[in-house]
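J.: Have a look at this one.
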Amino acid sequence: MGSYVITVPGTIRKPMDLSARRALLAVVHGADPEEVGGQVPDLDVLTLDEPDGTFVLRLEVEAADRTAAGEEAVELTRRAFTAAGYDSDGVSVGTPAVTAIDVG
């Protein structure tokens, strides 16, 4: 098992208000890549481009390998958006990318 930082891109079909953002971040709390290795002070868990409706989530997950880490990150992303009030038609999740690994 190792810790993986996964970047998950996607799009949303309706604007995200502050309460939805808080609900989403409450689900991924503790999945912050700042907890992996050194501090990355300018890195945010959620980057949202409101005009285009695109987002990037950066999540830390525990998994046996890269494939499982990507699957776990996508599942966490879907749970977070569901908690924020987005149904499956309201969010499109792209292909996750591994951006850091700590197998120690």
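J.: Would you mention how many residues in region 50-104 are over 19 Å from Val5 (Cβ atoms) and out of contact with any strand residue (DSSP E or B) (no Cβ under 7 Å at 6 or more places or on another chain)?
T.: Of the residues in region 50-104, 10 are over 19 Å from Val5 (Cβ atoms) and out of contact with any strand residue (DSSP E or B) (no Cβ under 7 Å at 6 or more places or on another chain).
J.: For a quick check of your reading of the model, give me the residue pairs whose first member lies in region 75-94 and is free of Cβ contacts under 8 Å to residues at least 40 places away in the same chain, whose second is assigned to a strand (DSSP E or B), with beta-carbon atoms closer than 8 Å and at least 6 apart or on different chains.
T.: Arg78/Val91; Arg78/Val93
Bear in mind that the values in this text are calculations on the coordinates, not laboratory data. Bear in mind the structure is a predicted one, so any value in this text is a computation, not a measurement. When we count neighbours, we look across all protein chains shown, and the Cβ atoms used for this are built from the backbone with ideal geometry, even at glycine.
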